[in-house]
Amino acid sequence: MTDLHLHFDRAAGRMSGQVAAGLRAAIRGGRLAAGSRLPSSRDLARDLGVSRGVVVAAYEQLLAEGFLVARRGDGTRVGPMAATQNPLPESRPGRDRRPARDAPPVSYDLRPGVPDLAAFPRERWSSSIRAALRALQYDELGYPDPAGAPVLRAELAGQLGRVRAAHVTPERVVVTQGVAHGLAIVVRLLAEDGHRRLAVEDPASVHQVPLLEEAGVELVRVPVDGQGVDVTALDRTGARAVLVTPAHQYPTGVVLSARRRAELVSWARAVDGIVIEDDYDAEFRYDREPVGCLQGIAPDRVVLTGSVSKSLAPALRLGWVVAPRPLAERVRAYRAGTDLGGPVIEQHALAELIASGSYDRHLRVMRRQYRLRRDALVEAVRAHLPGCRVHGVSAGLHVYVELPVGMREQSVVEAAGRMGVAVDGAGPLWWGPAPSAALVLGYAALSPARLARAMALVGSAVTPGSDG
Ligand SMILES: Cc1ncc(COP(=O)(O)O)c(C=O)c1O
């Protein structure tokens, strides 16, 4: 498809407004000339990773404004008067969250953190929603059990036991609005119990740090090496609670080794402590069967959290906490006292998706896709960025790429941006200075060919003489 170089900010919402604004700017600026044909709404939606409805609404808006014209059999074209329209006045500060006009357009988005949103199983999800609506009794539409719909807690208990070797009964499960939500509650409750200090991995997700601090704990950092979190260093911190990502450390991609798993559990027992296990990326291991979760070997000491943010979509805001019974009961009580529980219809829909086998089928399909994408990205990094080192196991939705000595992280991020490739540097994920310059590349949403092209562009920007 033609690259229209539309750039938008997913976090800002109102996607159809943003797509319309991008097209309007392209027409006004002359990049889309009068008479030029636009891609079909289906093609553009696929390319942008948005729903078709978003593009249809944007096209309808621009048809109404006269920027576009549509004739049966001739598709949608830029209108004859479009380029001569007066530019809009400058945007009002504080209201317009579109990217700055001179921000380079993003053609290849390799920022980590989201799955392939275009692959969300819309049809299957809507039939699960319909099934839920058919099955729900009237009284189930009242205020829910704040621990979550019993049917979902039962399905999650089965799924987590089967797939993640968790030690779980429905009574230990509390449904949350994602890992972030579960962490915020659990860490607050642990702080009430006297866990004023929480150890977190270094490096770690920047999204989690503020919400953990907000929960009222002092954060201390523990280094991660090739085997995962350093338990000897953890012991020295004096903390009795730690948050870890054993299945696929974020962002280094290391899996917690068998020895470290045993050490971590022994540490928790010795200090009467607690391990919070963020089961990050656990669904996506490509080189072997995933290692079972830590909670399965020490259910009395480990609180397991997970969500469907990577397996389905973050927009669902559906996750879980699996905790020892007394803590699970307090999480439930916390929700009863703060928000009266989560949306019920979606919980029933997820239960149906799991029970029917569709959730596992979707994961199998995505695993194959992601594996091809990861392989393509790793190959392209080797081909176009010689001297770079890819860390971590074959898993997840991102890779940690260490840059060669002498290559500055920020210069690479900026050079890539000028070529239309959005990438994140790893620096902000480290507590202090990072040991070396690195990129964290998310590959979930791009085809192997587009990943190769993106890396060729980055290579041409940072390596003089490379043929991008
Ligand atoms: C390390 C880590 N775990 C989990 C998540 C997912 O959070 P949630 O389930 O709230 O979408 C994120 C998202 O940023 C993350 O960085």
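The values are calculated or read from the model by the stated rules, or taken from the named source; none is laboratory data. Fair warning: this is a prediction, and the values are worked out from it, not measured in the lab. Backbone-built Cβ (ideal geometry, glycine too); neighbour counts: all protein chains shown.
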**Request:** Any chance you could count how many residues in the stretch 366-381 are among the charged types (D, E, K, R), surrounded by 15 or more Cβ atoms within 10 Å (Cβ to Cβ) and without any contact (Cβ under 8 Å) to a residue 60 or more places away in the chain?
**Result:** 0
**Complete:** Result of the Cβ filter at 6 Å on the stretch 99-128, keeping first residues that are closer than 15 Å to ALA11 by Cβ and charged (D, E, K, R) and partners that are within 16 Å of the ligand (Cβ to nearest atom) and modelled with pLDDT of 95 or more, at least 6 apart or interchain, is ARG111/ASP424; ARG111/GLY442
**Request:** With respect to GLU329, determine if the residue is among the acidic types (Asp, Glu), free of Cβ contacts under 8 Å to residues at least 60 places away in the same chain, farther than 16 Å from GLN208 by Cβ and not in a loop (DSSP other than H, G, I, E, B).
**Result:** yes
**Prompt:** Looking only at residues in the stretch 125-175 that are polar (S, T, N, Q) and over 20 Å from VAL302 (Cβ atoms), which one is farthest from the ligand (Cβ to nearest atom)?
**Reply:** GLN137
**Request:** Please find, among ALA349, ALA355, the residue that is touching a helix residue (DSSP H, G or I) at 6+ places or on another chain (Cβ under 9 Å) and surrounded by 20 or more Cβ atoms within 10 Å (Cβ to Cβ).
**Result:** ALA349
**Request:** Could you identify the single residue in SER107, SER126 that is in contact with an Asp or Glu (Cβ under 6 Å, 6 or more places away or on another chain) and small (Gly, Ala, Ser)?
**Result:** SER107
**Request:** Keeping to the stretch 165-178, report how many residues are in contact (Cβ under 8 Å) with a residue 60 or more places away in the chain, outside any loop (DSSP other than H, G, I, E, B) and surrounded by fewer than 24 Cβ atoms within 10 Å (Cβ to Cβ).
**Result:** 1
**Prompt:** Out of the residues in the stretch 453-468 that are small (Gly, Ala, Ser) and surrounded by fewer than 18 Cβ atoms within 10 Å (Cβ to Cβ), which is modelled with the lowest pLDDT?
**Reply:** GLY468
**Request:** Of the numbered conditions (1) within 11 Å of the ligand (Cβ to nearest atom); (2) over 21 Å from GLN249 (Cα atoms), GLY178 fails exactly one; give the number of that condition.
**Result:** (2)
**Prompt:** Just checking, which of ASP272, ASP235 is at positive phi and either without any contact (Cβ under 8 Å) to a residue 12 or more places away in the chain or more than 16 Å from the ligand (Cβ to nearest atom) (or both)?
**Reply:** ASP272
**Message:** Can you confirm whether ARG335 is assigned to a helix (DSSP H, G or I), among the basic types (Lys, Arg) and within 16 Å of the ligand (Cβ to nearest atom)?
**Reply:** yes
**Prompt:** Quick one: is LEU441 within 17 Å of the chain's Cα centre (by Cα) and closer than 17 Å to VAL378 by Cβ?
**Reply:** yes
**Message:** Please determine whether any residue of the stretch 196-209 is without any contact (Cβ under 8 Å) to a residue 12 or more places away in the chain, within 16 Å of the ligand (Cβ to nearest atom) and assigned to a helix (DSSP H, G or I).
**Reply:** yes
**Item:** Qualifying positions in the stretch 213-228 - within 16 Å of the ligand (Cβ to nearest atom), at pLDDT below 95 and surrounded by 13 or more Cβ atoms within 10 Å (Cβ to Cβ)
**Value:** GLU213, ALA215
**Prompt:** Going by the conditions given, is ARG42 modelled with pLDDT of 80 or more and among the charged types (D, E, K, R)?
**Reply:** yes
**Message:** So for the stretch 73-86 (the condition being under 31 Å from the mean Cα position of the chain (by Cα), modelled with pLDDT under 80 and surrounded by fewer than 14 Cβ atoms within 10 Å (Cβ to Cβ)), does at least one residue qualify?
**Reply:** no
**Fill in**
Filtering the stretch 25-56 down to residues that are of a type in the set (Asp, Glu) and either over 16 Å from LEU68 (Cβ atoms) or part of a loop (DSSP other than H, G, I, E, B) (or both) yields ASP47
**Prompt:** Got a number for residues in the stretch 401-426 being in a helix (DSSP H, G or I) and either of a type in the set (Lys, Arg) or surrounded by fewer than 17 Cβ atoms within 10 Å (Cβ to Cβ) (or both)?
**Reply:** 4
**Asked** Which of the residues belonging to the stretch 427-468 are among the hydroxyl-bearing types (Ser, Thr, Tyr) and in a helix (DSSP H, G or I)?
**Response** SER460
**Request:** Pull up the stretch 291-305, narrow it to residues that are within 16 Å of the ligand (Cβ to nearest atom) and over 18 Å from HIS195 (Cα atoms), then point me to the one that is surrounded by the fewest Cβ atoms within 10 Å (Cβ to Cβ).
**Result:** CYS293
**Asked** Just for the stretch 181-195: of the residues that are in contact (Cβ under 8 Å) with a residue 12 or more places away in the chain and small (Gly, Ala, Ser), which one is nearest to the ligand (Cβ to nearest atom)?
**Response** GLY182
